[in-house]
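Written out below as structure tokens is the structure these notes cover.
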Amino acid sequence: MIKFYPVCLVVLLTVLCGCDRQKKVEQITTVDTSANKALKQLTHKEGFDPESLNKLPLTQKDFPYFMLPEDYKVTSFKVVEYQKYYFAIHDKPTLLEGELYKTPIAVEPSKQFSESYFEKKFNNSMIAMGAELLNESEIPYQLYEQLPDYENQSSLNIGKKTYTYGFRNADGHPIIIQMTLNSPTVVVMEISPDETVMKRVRFD
């Protein structure tokens, strides 16, 4: 009987190793499958209806609609009459089209930029205005990598939460405002009328 113990031990170890490898394969498969599912859910406009946003008594004179805390300033900005841009909405990049305003945010030279302070003040100002919170989570970088020309049409915020708000101004035009803290930036879009018409036809 003693002579058979080494053989049994080898067989047992082989079986255990095989089971361990199978578990690892199953774990990897599960992770990959979850990632694939997330990527497949990247339908650019599904699940978000700009016309459902709160209507606020704000006019074009109030553009770009956000306020900065004391000692924080806009360093430069660009306005593009029409552009496609990926906004973080409901935990995924969402492609929208319209007039785009984009600006980096800086602090006075005598002060130090505080991410937590700026984040708090920005969110409080959006809430006080009555804007609807559309995103407050970190968007995985892998989701952006699957999108065409994402580098020129998005504000990546790797490792940090992206805050996005929306509302309709006094004229009924949907406005999206997004704040990111990787190279602090605020992006504002007035969604084009063609976009809202296409959205209404598709989902009504």
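The values are calculated or read from the model by the stated rules, or taken from the named source; none is laboratory data. Everything quoted here is computed from the prediction, not taken from an experiment. FYI the Cβ positions are ideal-geometry reconstructions off the backbone, even for glycines, and counts take in every protein chain you see.
Odds and ends about this structure:
- The listed residue being more than 23 Å from Glu151 (Cβ to Cβ), surrounded by 13 or more Cβ atoms within 10 Å (Cβ to Cβ) and either modelled with pLDDT of 90 or more or among the hydroxyl-bearing types (Ser, Thr, Tyr) (or both), out of Tyr72, Tyr85: Tyr72
- Residue among Asn157, Asn135 that is in contact with a Ser or Thr (Cβ under 9 Å, 6 or more places away or on another chain), of a type in the set (S, T, N, Q), modelled with pLDDT under 95 and surrounded by 13 or more Cβ atoms within 10 Å (Cβ to Cβ): Asn157
Results for (1) over 18 Å from Glu97 (Cβ atoms); (2) in a helix (DSSP H, G or I); (3) at pLDDT below 95, shown as yes or no for each residue.
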| position | (1), (2), (3) |
| --- | --- |
| Asp149 | no, no, yes |
| Asn152 | no, no, yes |
| Gly166 | no, no, no |
| Gln178 | no, no, no |
| Arg200 | no, yes, yes |
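- Top-ranked residue of region 49-103 - restricted to ones that are touching a residue at least 40 places away in the same chain (Cβ under 8 Å) and of a type in the set (Gly, Ala, Ser), ranked as nearest to Ile158 (Cα to Cα): Ala88
Residue by residue, here is whether (1) part of a helix (DSSP H, G or I); (2) surrounded by 14 or more Cβ atoms within 10 Å (Cβ to Cβ); (3) at pLDDT 95 or above; (4) of a type in the set (A, V, I, L, M) holds:
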{"residue": "Ser110", "(1), (2), (3), (4)": "no, no, no, no"}
{"residue": "Phe113", "(1), (2), (3), (4)": "no, yes, yes, no"}
{"residue": "Lys120", "(1), (2), (3), (4)": "yes, no, yes, no"}
{"residue": "Leu143", "(1), (2), (3), (4)": "yes, yes, no, yes"}
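- Residue list for region 180-191, filter: among the hydroxyl-bearing types (Ser, Thr, Tyr) and either in a strand (DSSP E or B) or buried (at least 20 other Cβ atoms within 10 Å of the Cβ) (or both): Thr180, Thr185
- Failed condition for His90, given (1) touching a Gly at 6+ places or on another chain (Cβ under 7 Å); (2) within 15 Å of Glu190 (Cβ to Cβ): (2)
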